[in-house]
Amino acid sequence: MLEVKQLRALYGDSLVLHGIDLKIAPSERVAVIGRNGAGKSTLLKSIMGGGPAAHGVLQWNGADLHRLKGFERTRLGLSLVPEDRRIFPHLTVVENLEIARHATAKGKTPASPEAMIRFFPMLETLKARFGNQLSGGQQQLLAVARGLLPMPKLLLLDEPTEGLAPIIVEQMAKSINAICDEHRVALLLSEQNLWFARQCTHALHVLDTGRIVFSGTWDEFDAYPEVRNRHLAV
Ligand SMILES: Nc1ncnc2c1ncn2[C@@H]1O[C@H](COP(=O)(O)OP(=O)(O)OP(=O)(O)O)[C@@H](O)[C@H]1O
Ligand SMILES: [Mg+2]
């Protein structure tokens, strides 16, 4: 359903993705792992639109994504939770969730804010708070819940655990897995936290300076420790 072939992305003259190949089948969950600056966010932004100039095959159920604007990609069932979260500061938690109904794909039924809060119990006591009254970690949970509320066909999640306490990371993995299992949401997860990525996905791609240098299951990744040493260690 998502097919990316020889994807190149440029900021001005500078080539940042050097020919990425990947596929994601319906309800498949895959991680993209890589150091700071490897190109993870650029890859997600290229798929969702609104990022740098992108060239190469970018197809969603056979439709050419290059021809579609961001909101049209949303309507086909793609959802991106960006690095910078974009929580509305003057809306409450419930209102921030509510607004995501508008991002529901044709033929999909969005969850209610209350249903999403049941999946993310740490939001329960924060329901009436404004966005600007939440901690960074609470905003991250809210952003993930908001990205999932429309029940997208594919969720693109950009480093959701950055800076989070281990207990929240664990909760977030449980919530994401529960929703993706129940609603057959496919996931492309950008991460540096290997523990979290492993909880949420069955396979991974390792990105190093804009190139995929390893693709496989987590067991295969474990069998080649040199991948980790060479491409992920800092
Ligand atoms: N708006 C931009 N203009 C120019 N270069 C950019 C821009 N955004 C990112 N880059 C460059 O593109 C490369 C890939 O950046 P990207 O943000 O995709 O990496 P990342 O893997 O998401 O890193 P991080 O883990 O730090 O979020 C980096 O070298 C970065 O400096
Ligand atoms: Mg990034």
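Counting 0.36 nm for each residue step from Asp84 to Arg211 and taking away their Cα separation leaves a gain of 43.3 nm.
If R0 is 25 Å, the Cβ-Cβ spacing of Lys23 and Asp181 corresponds to a FRET efficiency of close to 0.75. A crude spin-label estimate for the pair Ala233 and Lys69, with each label 7 Å from Cα along the Cβ direction, gives 4.9 nm. Among the listed pairs Lys127/Lys174; Lys127/Lys153; Lys40/Lys69; Lys108/Lys174; Lys23/Lys153; Lys106/Lys174, a Cα-Cα separation exceeding 18 Å is found for Lys127/Lys174; Lys127/Lys153; Lys40/Lys69; Lys108/Lys174; Lys106/Lys174. Per the Debye calculation on segment 1-79 with a single equal scatterer at every Cα and no solvent contribution, log₁₀ I(q)/I(0) for q = 0.12, 0.23, 0.26, 0.27 Å⁻¹ amounts to -0.31, -1.18, -1.45, -1.52.
Zone of Gln59 (label point 7 Å along Cα→Cβ, backbone N under 14 Å): which residues in segment 1-44? Backbone N within reach: 1-7, 22-25.
Here each label is just a point 7 Å from Cα along the line to Cβ, and for Lys174 and His102 those points are 3.4 nm apart. Overall, the accessible surface of the chain at a probe of 1.4 angstrom is composed of carbon and sulfur to the extent of 51 percent. Here segment 94-218 carries DSSP beta bridges of which approximately 55% are antiparallel, counting only pairs with both residues inside.
For segment 99-201, what class follows from the C-alpha gyration tensor (a ≥ b ≥ c being the square roots of its eigenvalues): rounded when a/c is under 1.5, otherwise prolate if a/b is larger than b/c, else oblate?
Working: a/c = 1.71, a/b = 1.08, b/c = 1.59.
Here segment 99-201 falls in the oblate category.
Please give the helix 136-148 orientation as an angle from the longest Cα principal axis of the chain, in degrees from 0 to 90, rounded to the nearest 10. Approximately 80 degrees, to the nearest ten. Counting every pair of alpha carbons in the chain, the share spaced more than 21 Å apart comes to 54 percent. Judged by the gyration tensor of its Cα atoms, with axes a ≥ b ≥ c, segment 168-233 is prolate; a/c meets the 1.5 cut and a/b is the larger of a/b and b/c.
For the chain, what does the accessible surface come to per residue with a 1.4 Å probe? Please give it in Å².
46 Å²
The charge dipole of segment 1-155, taken about the Cα centre with unit charges on the Cβ atoms of Lys, Arg (+1) and Asp, Glu (-1), comes to about 160 debye, rounded to the nearest 20. Straight-distance candidates among the aspartates and glutamates for linking to Lys45, with alpha-carbon spacing under 14 Å and chain neighbours fewer than 8 residues away dropped: Glu83, Asp84, Asp158, Glu159. Applying 1/(1 + (r/R0)^6) with R0 = 41 Å to the Cβ-Cβ distance of Glu95 and Glu220, what FRET efficiency is obtained, to the nearest 0.05? Plugging the Cβ-Cβ distance into 1/(1 + (r/R0)^6) gives 0.40. Overall shape of segment 11-129 was characterised from the C-alpha gyration tensor. The equivalent ellipsoid obtained from it has semi-axes of 29, 18, 14 Å, in decreasing order.
The values are calculated or read from the model by the stated rules, or taken from the named source; none is laboratory data. What you are looking at is a predicted structure, and each value in this text was computed from that prediction instead of being measured. We place every Cβ from the backbone using ideal geometry, glycine too, and count neighbours over all the protein chains shown. Remember, those area values only see protein heavy atoms, side chains included, never the ligands or the DNA or RNA. Shrake-Rupley method; radii C 1.70, N 1.55, O 1.52, S 1.80 Å.
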